[in-house]
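Heads up: the structure comes next, in structure tokens.
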Amino acid sequence: MANCKEKASEWGLSVRAVNDLCKKGKVIGAIKIGRNWQIPADAEKPSDGRIVSGIYKKDTVPTAKKPLPIGISDYIRAQDEYYYVDKTLLIRDFLDRKELVSLFTRPRRFGKTMNMDMLRVFFEISDEDTSKYFTDKEIWKCGPQYRDHQGKYPVIFLTFKDVKFDSWDATFAKISELIQEEFGRHSVLRSSTKLAQYEKEYFEKILNGNVTEVELSSSLQKLSKMLNSHYNIAPIIIIDEYDTPIQEGYSKDFFDEITGFMRNFFSGAFKDNRNLSYGFLTGILRIAQESIFSGLNNLAVNTIFDKEYDSFFGFTESEIKKMLSYYGVSDKEKELKDWYNGYLFGSKEIYNPWSVISYLSKGCLPQSYWVNTGKNEILEDVLKSTTGDITENLFSLLQGEHVIARIDQNVVYRSISENPSYIYSLLLVAGYLKAQRKELLGDGSWLCEVSIPNREITSVYKNEILSHLMQIGAVGQTTANKISESLYTFDLKKLQEGITEYMNKSISFYDSGAEGFYHGLMLGLIAIMDNQYKIKSNRESGDGRYDISLFPRNKKYPGIIMEFKSDKKLSEEALDALSSEALNQIDDKNYDFEMREDGITNILKLGIAFSGKKVKIQSK
């Protein structure tokens with residue numbers, strides 16, 4: 001159903017005119033609820049569009065388009081003032097399943113907070129008639145068995161999305177403040193005749209902010225009991241972005257403190273809590289093995305692999321088509337798809353919602369919007385621990401290739417740095433990869449064919465993933481540019497200086513130096529050249545496997561073949577001999593065979609030898 005204001009915008013009439021048409025019975029299906037008219041969403045404008053006899057409202061009057069909800073997570077405001085993509089059927093699907101506690105894991109900025117606020121507004125008891133925020137939405141068409149739940153429950157709502165601090169003390173203070181505010185939202189309990197005196201004293205203690213960690217850890221359990229006593233119906237508890245403070249604890253070295261607190265906090269709220277109607281949590285990671293949800297056998301986890309709820313986080317293709325049509329830019333569909341589509345949730349292809357609305361609001365300017373909305377610091381810890389094989393695979397992904405990886409959705413924070421293979425699981429659930437194909441293994445993990453979802457994430461890999469991996473940030477973009485420019489101009493002296501400068505500025509990172517390590521180093525440094533070159537690594541050609549080859553995308557540029565050698569504590573003479581050996585191997589093994597087959601005759605061959613921080617380059 002729609003209201004008069006919405007139909008006035010659609011039909012090019014004033015709100016008063018639409019209201020008058022409803023009064024006169026000229027709008028088929030219009031009904032009056034209270035003081036307001038509700039009009040079927042598909043109702044057509046009456047053919048007789050007169051406002052006063054003899055005077056006509058022109059249909060050509062331009063109508064203002066609703067703005068896009070950038071940074072808006074308030075459901076009431078979003079659905080009223082902005083272009084809103086209706087996700088209310090999430091309520092229907094949940095009520096059909098009736099899972100006691102549901103955890104939804106999705107990447108950041110995919111609409112989790114908005115959806116949780118929508119659930120709050122729908123279910124929560126309020127002095128205001130909040131049904132008006134749903135009468136024109138899809139959920140209202142589903143029948144009384146769903147509408148009867150509207151406005152019937154007390155709701156506890158907390159979002160931890162902004163709990164990002166460097167210490168446990170600051171984190172605890174912020175969580176305490178959020179809980180204090182939520183207790184304040186239920187201040188009706190202060191005068192309730194159904195609460196015991198000790199409960200009211202605890203309530204006042206929370207409001208005064210004078211609680212210990214132990215007392216605060218049981219706050220959800222106690223508040224749910226008080227709400228059940230007062231309203232005679234158990235509350236719904238919603239925790240949005242539950243894992244944000246846990247992630248910060250891992251990165252900032254207060255992991256034990258935050259997990260110890262959260263374990264008791266969630267256990268009181270969701271484990272064997274008789275004062276709970278339903279519970280909802282959202283986050284990026286499941287992290288069940290951290291025992292945050294220890295013993296919580298009533299938890300239904302919905303991940304990006306599950307078909308249930310697969311269309312409710314992010315935008316579907318049909319939603320995108322409708323949005324583009326509304327803003328008159330349907331011709332931008334292909335560009336939008338290339339840049340922001342490609343995520344696979346359950347069986348649905350999903351667009352990144354943050355990037356889509358940012359793209360449209362910027363006049364359809366394609367660029368990386370999502371990466372600038374936050375920082376997943378866990379990536380830094382994982383990328384520091386990558387092995388040579390993982391480095392190779394990350395680079396293959398950047399080149400548009402697929403990689404076979406074992407995905408374990410039960411990511412364990414404490415084990416990430418100990419097991420580098422977890423990087424694929426983390427990148428997938430965090431939105432940096434998509435699973436093209438997947439096969440469930442006997443141990444509950446998945447064997448997946450993963451790839452980069454779209455052009456936006458490709459640019460993220462270049463600017464974030466590989467820069468972390470190769471520590472370009474520690475060296476400076478100037479050094480990386482110097483290295484790529486030297487390859488363009490065949491200035492081997494400048495190339496050697498650039499690589500040496502790189503290693504000198506990163507001395508602590510290069511205490512050891514196996515050949516595979518230097519191989520990964522060079523892959524990272526030349527990554528910024530992939531617009532001009534197709535970069536291949538460790539491929540068979542001729543009679544062996546070359547280290548790195550740069551195939552020019554435009555034949556006016558030369559092909560480049562690199563072969564690496566390394567050894568420890570070499571003299572300058574020995575290093576020079578080792579670089580000659582690397583150079584000669586290119587010819588001895590016919591590594592240029594693949595390039596010549598591709599019609600490339602101008603080929604630069606580089607033999608590069610490393611020893612500690614020293615490098616020597618020879619060419620032909």
Problem - Dipole of segment 173-267, positive direction: furthest Cα of GLY184, GLY260, THR212, with charges on the beta-carbon - result: GLY184
Handout entry: Loop-resident sites, segment 558-614, for trypsin sites (Lys or Arg not before Pro), counting at most 10 other Cβ within 10 Å (DSSP)
Key = LYS568, LYS569
Completion exercise
Here the FRET efficiency for SER187 versus ILE404, based on Cβ atoms and R0 = 45 Å and rounded to 0.05, is 0.20
Exercise for the section: Hey, for a label at LYS322 modelled as a point 7 Å past Cα toward Cβ, could you say which residues of segment 63-90 have their backbone N under 17 Å away? Expected result: 66-69, 78-90
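Pulled fully out, how much extra length does the chain show between ASN602 and GLU581, if you take 0.36 nm times their separation in residues and subtract their Cα-Cα distance? Spell out each step's value before the answer.
Working: separation 21, 0.36 × 21 = 7.56 nm, distance 2.17 nm.
Between ASN602 and GLU581, full extension yields an extra 5.4 nm.
Want the number for ASN264 to GLU501: 0.36 nm per residue separation, take away the alpha-carbon distance, what's left? List each step's numbers first, then the result.
Working: separation 237, 0.36 × 237 = 85.32 nm, distance 5.06 nm.
Between ASN264 and GLU501, full extension yields 80.3 nm more.
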Practice task
Can you figure out the FRET efficiency of LYS534 with ASN210, using R₀ = 51 Å and their beta-carbon distance, to the nearest 0.05?
Solution key: 0.20
Handout entry: Gain upon complete extension [SER361, ASN36; 0.36 nm per residue less C-alpha separation]
Key = 113.8 nm
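What ranking, highest mean first, results for peptides 218-228, 299-309, 182-192 when packing means the other Cβ atoms within 10 Å averaged over each residue? Walk me through the numbers on the way to the answer.
Values: 218-228: 22.5, 299-309: 17.9, 182-192: 14.5.
The packing order, highest mean first, is 218-228, 299-309, 182-192.
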Practice task
Give the Rg (one decimal place) followed by the Dmax (whole number) of segment 317-368, computed from C-alpha coordinates and expressed in Å.
Solution key: 10.4, 31
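Within the set of other residues whose C-beta is less than 12 Å from the C-beta of LYS337, count the net charge using Lys and Arg as +1 and Asp and Glu as -1.
Details: positive: LYS321, LYS332, LYS334, ARG455; negative: GLU317, GLU333, GLU335, ASP338, GLU349, GLU456.
Combined, the nearby Lys, Arg, Asp and Glu give -2.
Expressed in whole Å with the largest first, what are the equivalent ellipsoid semi-axes of segment 246-325 derived from the C-alpha gyration tensor as the square root of 5 times each eigenvalue?
Numbers: eigenvalues 193, 68, 23 Å².
Sorted largest first and rounded, they come to 31, 18, 11 Å.
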Completion exercise
Simple SL model, points at 7 angstrom along Cα→Cβ for LYS589 and ASP338; separation in nm is 3.6
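Counting each pair of different Cα atoms once, what's the Kirkwood radius of segment 214-266 in Å, rounded to one decimal?
On the way: mean 1/r = 0.0805 Å⁻¹.
By the Kirkwood definition, the hydrodynamic radius is 12.4 Å.
Let me check I've understood the local charge: for GLY559, count other residues with C-beta under 12 angstrom from its C-beta, Lys and Arg +1, Asp and Glu -1. What total comes out? Intermediate results must be reported in sequence, preceding the final value.
Values: positive: LYS534, LYS536, ARG553, LYS555, LYS556, ARG596, LYS605; negative: ASP592, GLU594, GLU597, ASP598.
Cβ neighbours under 12 Å give a net charge of +3.
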Completion exercise
Given backbone amide H placed at 1.01 Å from N, residues whose amide H is under 5 Å from that of GLY542, ignoring those fewer than 5 places away on the same chain, are PHE593, GLU594
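Just so you know, all these numbers are worked out from the coordinates, no wet-lab data involved. These numbers come from a predicted model, not from an experiment. FYI the Cβ positions are ideal-geometry reconstructions off the backbone, even for glycines, and counts take in every protein chain you see.
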